[in-house]
Amino acid sequence: MFTRRQLLTVASATPLIGAPAIVRAQSWFAGYPFALGVTSGDPAPDGFVIWTKLAPKPFEAHGGMPMVALPVAWEVASDDRFKTIVAKGEATARPELGHSVHVEVTGLQPDRPYWYRFTLGSDRSMRGRARTLPLASASPPRLKFGVAGCQNYEDGYFTAFRHLAKEDDLAFVYHYGDFIYEYKQRGPDYDKDGLPVDQVRHHVGQDCFDLADYRLRYAQYLSDYDLQAARAQHSWFPTFDDHEIQNNWVGDIDGRDQSPAEIFRLRRQAGLQAWYEYMPVRAAMLPRNGIITDMYREARFGDLLAVDFLDTRSFRSDQPCGDGFKPYCAAMDDAKAQILSPEEEGWLTRNLTRGKTQWNCLAQQVMMMSLDRRRYADEKEPIYNMDTWAAYRVPRDRLLAKMRGLDNVVVLTGDEHQNYAGLLESGDKPVAVEFVSTSISSGGDGSDLRAGSDMLLRDNSQLKFINDQRGYLVCDVTPDAWTTQFRVMDRVSSAGGSIATRASITVPHGQPSLIIA
Ligand code: FE
Ligand code: CA
């Protein structure tokens, strides 16, 4: 991978951080060091995070990097041809963090696009585009943003990400998690005749347990240029759900109840470190003592919208009734159960009730509507998904009661691999609207309606819309109305799928209700 002479050159470059001019003249690597692309995230009115990760050989140990810290130059420009550089500097790519680079750029103008790039030696990264937020004191007439997540590499192509990259005027994209799936390559699926069919693509590596496993999985996902395109074109607010660590983990509880908490915490730490390394997030989200305490955070868009990004995994109590899809059990009414930590819940309550913005949005992971999940006629009593808010009745009722009278709350959710829209009720009164975004690829092609959807709609009067295709959401927010477009793919099982708007659903301000077009 490296000749001895190249290694010596790199090793001798270590003390040159701060004085790197001598080493800039040469390319050190057999491969392109920016093969995993660039992205930006956690925008503020005066800046954002720009990200890259050095990996000349993404599928080799340490991405093919030598175990030394290296200086990476970065530039931010006000034009896409880099004629006017408005900020620049040098960041250190450290082996401890897999040679990831997170730069928190400041001093920029609000509510406008910028372009950025990185340089190492004679190698230059692709160009990324980022956007600052409006000032908190501004009154934006309109805001458009995207919602995406759940991207199982084995289930389909990421073509939806390429379409997302081409969506105009998105202020940001919210990612609800399942950026990777932790599984090894799985066995075949079966077609409608019961015959085995191959996955669309295959995971490399075993089930993810340690840092090298998770790093390799992210590297494989980012070898997809549709994903790279969406990452380079937009600024992201990333969150994590379960598959960044393990299916249905919560707190320090193994999702399969196989490892004791002190052992599972090591796996969680590895998964969270890899997530931090690959996401364009601030240093506040560096895992400390094996946990990320500050993933929940807020973004303000003038007086139009506040978005509270929630962490519904790290502080949650165990799923009741042994998890899964089950009939009611008494543990669903456990008064001590929690989805958010007390600190997170207090923070959210303060944000919701302070009345500074026209709209409040909760950007979170698992469904808040309590749905009877029966899909077959022989199921006699209601079935609940124990991994959703439905199974945590006390904290759910407590949160929905806080929304009474606000009439400006929209909840955005992922996890389900289907599109849903419906009402959230406190008592019998609608207090908010929930939009559940489908998946980029997880679940495969799908169809307009999954079998049993008619029963779901019949048994759940609060549910107004279902669709089982892949895609993402585009939310278009004005002071008077919130419109969510459900953008869906005709297919993900082969490359080149097309996107279309399956439904456009509007919430009038001041009236939790859904107008479906
Ligand atoms: Fe998922
Ligand atoms: Ca999930």
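The values are calculated or read from the model by the stated rules, or taken from the named source; none is laboratory data. Quick caveat, the model's predicted, so the values are computed rather than measured. Neighbour counts run over all protein chains shown; Cβ positions are idealised from the backbone, glycine included. The area values use the complete protein model at the heavy-atom level, side chains included, leaving out ligands, DNA and RNA. Shrake-Rupley method; radii C 1.70, N 1.55, O 1.52, S 1.80 Å.
For Lys464, the lysines whose Cα comes closer than 17 Å to its Cα, not counting residues fewer than 8 places off in the same chain, are Lys429.
A cut-off under 13 angstrom between Cβ atoms defines the neighbours of Glu416, and their net charge, with Lys, Arg +1 and Asp, Glu -1, is -4. Absence of a disulfide-compatible partner, taken as no other cysteine beta carbon within less than 4.7 angstrom, is noted in the chain for Cys150, Cys208, Cys361, Cys475. At the listed q of 0.21, 0.22, 0.25 Å⁻¹, the Debye profile of the range 158-234, built from one uniform point per Cα, gives log10 I(q)/I(0) equal to -1.00, -1.03, -1.13.
Ranked by solvent-accessible area (1.4 Å probe, protein heavy atoms only, all chains present), the residues Lys429, Lys88 order from largest to smallest as Lys88, Lys429.
Backbone amide hydrogens, once placed in the peptide plane, bring Ser314 within less than 5 Å of Gly251, excluding anything fewer than 5 places away on its chain.
Computed from the alpha carbon positions, the gyration tensor of the chain leads to an equivalent ellipsoid with semi-axes of 38, 27, 22 Å, biggest first. List the pairs from Lys380/Lys402; Lys192/Lys380; Lys144/Lys184; Lys57/Lys192 whose alpha-carbon separation is above 30 Å, in the order I gave them. The pairs that break the limit, which is 30 Å between Cα atoms, are Lys380/Lys402; Lys144/Lys184; Lys57/Lys192. For the chain, a simple Cβ point-charge model (Lys and Arg +1, Asp and Glu -1, everything else neutral) yields a dipole of about 1580 debye relative to the Cα centre. Considering only protein heavy atoms, what per residue accessible area in square angstrom results for the chain with a 1.4 angstrom probe? On a per-residue basis, the chain sits at 38 Å². Panel note: the C-alpha atoms of the range 397-517, placed on their principal axes, show extents of 47, 32, 23 Å (largest first). Accessible surface of the range 38-151, 1.4 Å probe: 48 percent of it comes from carbon and sulfur atoms. Please work out the C-alpha center-to-center distance from the range 248-271 to the range 46-64 and express it in whole Å. Cα centres, the range 248-271 to the range 46-64: 27 Å.
By the helix-only formula, in which each DSSP H run with n ≥ 4 contributes -39500 (n - 2.57) and the sum is divided by residues, the chain has a 222 nm mean residue ellipticity of -5000 deg cm²/dmol. Each peptide among 242-252, 226-236 gets the average number of other Cβ atoms lying within 10 Å of its residues, and from highest to lowest they stand as 226-236, 242-252. For the range 345-351, 3J(HN,Hα) computed residue by residue from phi via the Karplus equation (6.51, -1.76, 1.60; θ = phi - 60°) reads 5, x, 4, 5, 4, 4, 5 Hz, glycine and proline entered as x.
Per the Cα gyration tensor, the range 71-165 maps to an equivalent ellipsoid with semi-axes of 25, 24, 14 Å, ordered largest to smallest. 3J(HN,Hα) along the range 89-102, derived from phi through the Karplus expression 6.51 cos²θ - 1.76 cosθ + 1.60 where θ = phi - 60°, amounts to x, 9, 10, 9, 8, 9, x, 4, 10, x, 6, 7, 10, 10 Hz, with x in place of Gly and Pro.
The stretch between Thr506 and Ser137, if pulled fully straight at 0.36 nm per residue, gains 130.2 nm over its current Cα-Cα span. Less than 5 angstrom separates the built amide H of Val173 from those of Gly146, Ser235, Trp236, Phe237, all sequence-distant by 5 or more or on a different chain.
The phi-based Karplus calculation (6.51 cos²θ - 1.76 cosθ + 1.60; θ = phi - 60°) puts the 3J(HN,Hα) values of the range 29-45 at 10, 5, x, 6, x, 9, 4, 8, x, 9, 7, 9, x, 6, x, 10, x Hz, whole numbers, x for Gly and Pro. The Cα center of the range 308-370 and the Cα center of the range 88-162 differ in position by 29 Å.
Taken over the Cα atoms of the range 283-353, the convex hull encloses 142 Å³ per residue.
The mean sequence distance of close C-alpha pairs (under 8 Å, at least 6 residues apart), as a share of the length of the range 245-387, puts its relative contact order at 24 percent. Classify the range 405-457 from the C-alpha gyration tensor, please: rounded if a/c falls under 1.5, else prolate or oblate depending on whether a/b exceeds b/c. Because a/c hits 1.5 or more and a/b fails to exceed b/c, the range 405-457 counts as oblate. Summarising the amide proton neighbourhood of Asp241: residues at separation of 5 or more, or on other chains, whose placed amide H is nearer than 5 Å comprise Asp178, Phe179.
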